[in-house]
Amino acid sequence: MTGRVIQFPRRSLSSEAGRRAAECILATPLSDRNRNTFALQVEDPETLLSLCEFLRGGLESSPAVVLTECGYVYRLIRASPREIGLFDERDYFLGEIALLAGTACRQLAQRDEARLWFDRSEAGFRHTVNAAGDLSRLGYQRLALRLEERQIPEVLELVPPLIESLESLGMPDEALKCRFLEGLAMMESDELTLAAQIFRDICDRAERLDNQRLLASAYGNLTHVYGMLGNAEEAIAASGKALPILHRLGDRVALAKVQWGLATLLRESGQVESAVEAYRQAQKQFETLGMRADIAALNLVIADLLLDQGQDAEALQEISAALPVIDELKMAPEGMAALSLLRESARRHEINRAALRELHGYFPQPQA
């Protein structure tokens, strides 16, 4: 096992024995794991490589499970008094596991926890041979978190130099991922035509790179952009290209967000009842993933649509379900005034619709 000199050589070095050991760890319930036995296993670089591969793949299907497992593995590595491998392996795996945990936290809208994990990741990666590449990958996740907190100017300022850095390091797939942030920032800024152009360009480049995951994600985002534009033909065409790939990859997170995009299309087309049902289907998918923030955001969208239908009592139920989650996850710190107005109106069994719409405007668009 040698120090890394190019991006991710370790991903391809995991052995069959390492994969079997990783599968054994993940198949054993946490309560049944013998700490000493598993501590010895995670000191093996091949086992850790396979664990990282399995956990990375799980981000799109079970982010809550990934977070739990990452915390377990991270603690075992930190507690071990022995070295891992011959060079920078211990630091690399601490950085990689922390990066995966932070990414899972970000998907689950646990933003303070995500920042802590990203700090831990940086502490590990700074001591690796490939520090520049590892820290650039970390930089992407930190910018994605900024985007979710609606720091749009900062994202647009910092994305181009990060793309340049990744391209200079020979990481074209990672560089292309950063363009998603640019496209999503345009969506947040209501520059929908420009956002569609960016995502179409990403589709073209992803096809040239033969990166099916990025290709499907780009088509998923196009579904949402075209839905917001009320362009039914293009939205349906984009979803038709995204869905088969996402099903094949088992990307449940992106599948739920494509469903969100199709629901938005129905809303923009004036099909209110169908839109409400489609949003509820998306909520069910998010519920299986533990993505409570997305469920709460959709509660507010559904409430607004129910008000259009004169169903004030039902709309109040949606808002009442969302408010505790918004408070707990600190989803809209910049929207505290609107949140307070909405909470007070709900307490009086009324709905301040302006506050409802203002508050929902603080939530980022779904990132397929």
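Residue by residue, here is whether (1) surrounded by fewer than 19 Cβ atoms within 10 Å (Cβ to Cβ); (2) of a type outside the set (Lys, Arg); (3) touching a residue at least 40 places away in the same chain (Cβ under 8 Å) holds:
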site	(1), (2), (3)
LEU246	no, yes, no
ASP294	no, yes, yes
GLU314	yes, yes, no
SER320	yes, yes, no
VAL325	yes, yes, no
ALA332	no, yes, no
Legend entry - Selected residue (criterion: surrounded by the fewest Cβ atoms within 10 Å (Cβ to Cβ)) from residues of the range 47-102 that are among the aliphatic types (A, V, I, L, M) and part of a loop (DSSP other than H, G, I, E, B): LEU86
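Looking at the range 119-163 only, could you name the residues that are among the acidic types (Asp, Glu) and under 22 Å from ARG179 (Cβ atoms)?
The answer is ASP134, GLU148, GLU149, GLU154, GLU157.
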Inset, instruction - Scan the range 22-73 for residues that are under 17 Å from ARG90 (Cα atoms), over 25 Å from the mean Cα position of the chain (by Cα) and not β-branched (Val, Ile, Thr) and jot them down. - result: PHE38, ALA39, LEU40, GLN41, GLU43, ASP44, PRO45, GLU46
Legend entry - Per-region count, the range 299-338, residues farther than 20 Å from GLY270 by Cβ, part of a helix (DSSP H, G or I) and of a type in the set (A, V, I, L, M): 12
Inset, instruction - Filter the range 182-206 down to the residues that are in contact (Cβ under 8 Å) with a residue 24 or more places away in the chain and among the acidic types (Asp, Glu), then identify the one that is surrounded by the most Cβ atoms within 10 Å (Cβ to Cβ). - result: GLU182
Inset, instruction - State the number of residues belonging to the range 143-173 that are outside any helix (DSSP H, G or I) and surrounded by 16 or more Cβ atoms within 10 Å (Cβ to Cβ). - result: 5
Inset, instruction - Please determine, by comparing only the residues of the range 213-239 that are within 21 Å of ALA104 (Cα to Cα) and of a type in the set (S, T, N, Q), which one is nearest to the chain's Cα centre (by Cα). - result: SER217
Legend entry - Options SER269, SER320, SER274: the member that is of a type in the set (Ser, Thr, Tyr) and at pLDDT 95 or above: SER274
Inset, instruction - Just name the residue that is nearest to the chain's Cα centre (by Cα) out of those in the range 75-126 that are among the small types (Gly, Ala, Ser) and under 30 Å from ASP294 (Cα atoms). - result: ALA104
Legend entry - Scope the range 108-122; condition surrounded by fewer than 24 Cβ atoms within 10 Å (Cβ to Cβ) and either of a type outside the set (A, V, I, L, M, F, W, C) or without any contact (Cβ under 8 Å) to a residue 60 or more places away in the chain (or both); matching residues: GLN110, ARG111, ASP112, GLU113, ARG115, LEU116, PHE118, ASP119, ARG120, GLU122
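With the condition kept exactly as written, say whether any residue in the range 240-254 is assigned to a loop (DSSP other than H, G, I, E, B) and over 29 Å from ALA104 (Cβ atoms).
No, the range 240-254 has no match at all.
The values are calculated or read from the model by the stated rules, or taken from the named source; none is laboratory data. This is a predicted model, so every value here is computed, not measured. Don't worry about glycine lacking a Cβ; one is built from the backbone with ideal geometry, like all the others, and counts go over all protein chains shown.
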